[in-house]
């Protein structure tokens, strides 16, 4: 997991917050790490705010005031990971950009506790509950669209953002959630399949 001092934005009770510093950042880092450590030893349903507070050395009142619930804390952890992993390259070639990005995502998903976080998120989904994309995911969509727009300006044929998400990003998360994470060295085949779709559209 990336250091929380690199955190760009977070969620607290559904609200986007500015990047904290000083003691606030240290508290967030300690609580996040405690939650991650506990996830390696317990099922998500067994975790509680008091458990996280004890493991982190942060007072329960502080944890409740900042996050309120374990669900809000989990969203904060996921947003931190999403916003700090797999920076987007600018190599001058769409294929090289996509390869670097897909490989970085795959490598991050091979980290031991990342699939645990993602599975905990899935367990938090309730039937009929309206769900909204996290600010970190929305920001990542904007970044990926910028990558595609740069390539189009260079005269390259580009996929749509939905095609990129469905053919490259989604399979990486599917493997991490439901089987073994895809090795980073194999992520290139997803990129090649995406670019084949683009090439077929031109013929």
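The residue pairs whose first member lies in the stretch 181-196 and is closer than 24 Å to residue 157 by Cα, whose second member is in a loop (DSSP other than H, G, I, E, B), and whose beta carbons are closer than 7 Å, counting only pairs six or more residues apart or on different chains, are 194/159. Residues being closer than 26 Å to residue 106 by Cβ and at pLDDT below 50 are entirely absent from the stretch 17-36. Within the stretch 164-178, does at least one residue satisfy the condition of being at pLDDT 90 or above and more than 26 Å from residue 76 (Cα to Cα)? Scanning the stretch 164-178 turns up at least one residue that is at pLDDT 90 or above and more than 26 Å from residue 76 (Cα to Cα). Residues considered: 172, 161. Of these, the only one that is in the same structural domain as residue 93 (by TED's automatic domain parsing), in contact (Cβ under 8 Å) with a residue 60 or more places away in the chain and within 30 Å of residue 116 (Cβ to Cβ) is 172.
The values are calculated or read from the model by the stated rules, or taken from the named source; none is laboratory data. Since we're looking at a predicted model, the values are computed, not measured. In this analysis, Cβ positions are derived from the backbone assuming ideal geometry, glycine residues included, and neighbour counts consider all displayed protein chains.
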